[in-house]
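Take a look at the structure set out below.
The values are calculated or read from the model by the stated rules, or taken from the named source; none is laboratory data. Computed from a predicted structure; not experimentally measured. Virtual Cβ from ideal backbone geometry, glycine too; neighbours counted across all protein chains shown. For accessibility, only protein heavy atoms count, side chains too; no ligands or nucleic acids. Shrake-Rupley method; radii C 1.70, N 1.55, O 1.52, S 1.80 Å.
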Amino acid sequence: MAGIACCCPSALSSRSTSWLVVGTYQGRTLTGKRFQKRSLVIKAEVNFVNYEEAKKLIAVEGYAVVDVRDRTQFERAHIKGCYHVPLFIENTDNDLGTIIKRTVHNNFSGLFFGLPFTKPNPEFVQSIKSQFSSGSKLLLVCQEGLRSAAASNKLEEAGYQNIACITSGLQSVTSGTFDTVGSTELQNAGKAGLVTIQGKISAVLGAYLFITFFPDQAEKLLELVPSG
């Protein structure tokens, strides 16, 4: 079998070269398929670090800190000099479905944990792009580590390749690790509402709320308490 490999002249000046393979076999001409060389895109991996390693990334490698928590947690405590670009923003929509969900949220999660009713920030990626180039070194932080991981995925898809996150979030950071701004420690910034009330006051309020919201269950529990 004799074969001739021909290359399109126009392709010589291009990174992606097209080849046409032509061969003869027993008097018949065989025309091969046109093959396209494909360029490979290497996707960067997020670097998950502990808080001590994160401190070195900032001090030695020049990583910028981007806090992706909601406004309330950020204001309670944040790393000095960081950038605040929330992954979720407060949901103030007033359609009927949102009003119902917000009311339920405020009566439970909002009451006990001091968490605002939020929705995804549609401008998150664009806000990052307006402040950082795709080659920037970014350390994403949140309270538990979940939002920063989700944010890193969005930024990866947007072309960012130098991203790090603190495993388990700021709740794992010990006091004095970073210079901070706020009224509490970083590890406590996620605590608010009734969960911050300690001692007998907490017990009394907890019992009152339980009886208020779950009277049937409370009555059954009282029946189990032995009389004096």
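A few comments on the model shown:
- Look at the stretch 165-186: where a residue is among the small types (Gly, Ala, Ser) and a partner is part of a loop (DSSP other than H, G, I, E, B), sitting 6+ places away or on another chain with Cβ atoms under 6 Å, you get Ser168/Gly145; Gly169/Cys142; Gly169/Gln143; Gly169/Glu144; Gly169/Gly145; Ser175/Glu185.
- Scope the stretch 144-167; condition open to solvent by less than 70 Å² (accessible area, probe 1.4 Å) and of a type in the set (Lys, Arg); matching residues: Arg147
- 2 or more residues at pLDDT 95 or above: qualifying strands (runs of 3 or more DSSP E) within the stretch 52-170: 64-67, 77-79, 137-141, 162-166
- For the stretch 128-160, a tally of residues being touching a residue at least 40 places away in the same chain (Cβ under 8 Å), among the small types (Gly, Ala, Ser) and closer than 25 Å to Ala192 by Cβ returns 4.
- Residues that are open to solvent by 50 Å² or more (accessible area, probe 1.4 Å) and in contact (Cβ under 8 Å) with a residue 24 or more places away in the chain within the stretch 76-96 comprise Lys80, Gly81, Tyr83, Phe88, Ile89, Glu90, Asp93, listed in sequence order.
- Members of the stretch 168-179 found to be farther than 15 Å from Leu139 by Cβ and surrounded by 11 or more Cβ atoms within 10 Å (Cβ to Cβ), listed by number: Gln171, Thr174
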